[in-house]
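Structure record follows, encoded as structure tokens.
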Number of protein chains: 2
Amino acid sequence: MTIGSLLGDRSVALRIDNFSKNGRIVNVETSERPESVVARPGKRERTHAQLVDAALRVIARKDAAALSILELAHEAEVSHGTVYNYFRTREEIVDAVALRLADDFSEQQSQMFAGLEEGAARLTLAVRHFVLRAAEDRAWGLVFLRVSAAAARLGHTVTLKTLGNLRRGLKAGTFRYESEAAALDLVFGTTLAGMRTVLDGRAGRGHDRDIAYTVLRGLGATRSEAERLVARPFPDLDAAGGTAVGSNAGARRSPPPRSR
Amino acid sequence: MTIGSLLGDRSVALRIDNFSKNGRIVNVETSERPESVVARPGKRERTHAQLVDAALRVIARKDAAALSILELAHEAEVSHGTVYNYFRTREEIVDAVALRLADDFSEQQSQMFAGLEEGAARLTLAVRHFVLRAAEDRAWGLVFLRVSAAAARLGHTVTLKTLGNLRRGLKAGTFRYESEAAALDLVFGTTLAGMRTVLDGRAGRGHDRDIAYTVLRGLGATRSEAERLVARPFPDLDAAGGTAVGSNAGARRSPPPRSR
């Protein structure tokens, strides 16, 4: 399936209106933000957020690489010059979108992981969360993969948090890897490939657990350790502030892990 | 580093002229093909190859998503209508480029693996080969990552060969994985992420061995099995027909694996 054909999918067009912001659903069509969540932003912050919202909508319809300043101005209903007050290049816009998606997601995960100290357990839930989110919110998954391929700064925060979990797991003796660079490539590469497989409809139920199990084994966890970690139930996101969940939310209820 | 800034790199512009074709270097600037390697192609095949060569040059300079029929016609110095005789959409062009790169690479690997029966050993060399090639030929690596993100059909051949090696390794008892889909995501995702790390200059020497070791462990190989497999010397590609090797060809001589 090509990216072009994926974008022809009406479910994307219908569901791209809602992106979560700090764990709450935000209607990007109108740039509505829940007043209680954030301090009332100044005009400059509002316009910046409005432009990032517009860029999200454009990228959801086409490739990030094809986004132009002109198109963004048209989508945001502002002048060409206004866009240039905030962004000089397409790369800066894509980076802003990537940071927005990564920050939102990272914020959700922080709520989810409150009180969970074990690095390997946090990493397991984080990997599963990315794959589950792609299954639950197709529009979000497509945009995330698109910007992660194009952005320079995607996941600086995500990288730091992942490194923290890797090092805690190593110190605890759960992980046994030699190269930190290869460990990061394993975690990010396999997770993104797992999201792509889900979005292409090639994954069975429980792909989030299968991907997490594979990643844990690649990091040197034993079979029994990896089985214990993927067997943990997934925390209830709704209780932790809610997220933009699509009509196929049942995908979160992945079956219990197979015995291996 | 953004894709845009990578493309501003002069080393890319200088070295994109040469792509290997069936293990021999081909000058894509002039579409020169070694007569002894392929049967003299008909006019239609020649024009198709010429258009794919031109598309390679355009994609090497910018994103695959920004390639247009108009631009391809200009680059190949043919009429708009001629391009439409061969390709109807940008997606078809990107797919043709992806197939060309994957087929060439697959052909090289077949020569390399002649006489090697062990699935796990073939998979190990294949993974290392992708990472090494990105290190040795930056232009090839950048184009490969770009088309692999955009193409629908990249690596159908590569997928089938990888599945063959996975199943042989499973049958031999070297691999112990449950989900074939997750195993493929692990192999492709980690390898592509490893190539990206090399291209971004974030990898140390021996990243090809580190990535292969991590993948083998993720597939369930024991530490001693994974160590044995990555300790194998890399076959001499030059003896097997040669490949397009850049000025940093020394990168192939990765250091012996660390003891783990």
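The values are calculated or read from the model by the stated rules, or taken from the named source; none is laboratory data. Owing to the predicted nature of the structure, the values given are computational and were not obtained by experimental measurement. Note that each Cβ is placed from the backbone with ideal geometry, even for glycine, and that neighbours are counted across all protein chains shown. All accessible areas refer to the heavy atoms of the entire protein, side chains included, with ligands and DNA or RNA removed. Shrake-Rupley method; radii C 1.70, N 1.55, O 1.52, S 1.80 Å.
Summed over the stretch A:162-187, residues that are more than 7 Å from every other protein chain (Cβ to nearest Cβ), within 16 Å of A:F130 (Cα to Cα) and open to solvent by less than 10 Å² (accessible area, probe 1.4 Å) total 1.
Pairing residues of the stretch B:126-150 that are open to solvent by 10 Å² or more (accessible area, probe 1.4 Å) with residues that are of a type in the set (K, R) and not in a helix (DSSP H, G or I), at Cβ distances under 8 Å and at least 6 apart in sequence or on separate chains, gives no pairs at all. Among the residues of the stretch B:87-108, those identified as surrounded by fewer than 18 Cβ atoms within 10 Å (Cβ to Cβ) and either under 18 Å from B:W140 (Cβ atoms) or of a type in the set (S, T, Y) (or both) are B:T89, B:D103, B:S106, B:E107.
Considering only the stretch B:114-125, how many residues are open to solvent by 20 Å² or more (accessible area, probe 1.4 Å) and either within 30 Å of B:I93 (Cα to Cα) or basic (K, R) (or both)? Total meeting the criteria: 1. A count restricted to the stretch A:94-108 and to residues that are closer than 14 Å to A:E71 by Cβ and more than 11 Å from chain B (Cβ to nearest Cβ) stands at 1.
Each residue in the stretch B:188-228 was checked for being within 7 Å of chain A (Cβ to nearest Cβ), hydrophobic (A, V, I, L, M, F, W, C) and open to solvent by 10 Å² or more (accessible area, probe 1.4 Å), and 4 of them qualify.
Scanning the stretch A:70-88 for residues that are in contact (Cβ under 8 Å) with a residue 12 or more places away in the chain and either within 14 Å of another protein chain (Cβ to nearest Cβ) or under 25 Å from the mean Cα position of the chain (by Cα) (or both) turns up A:E71, A:L72, A:E75, A:A76, A:Y86, A:F87.
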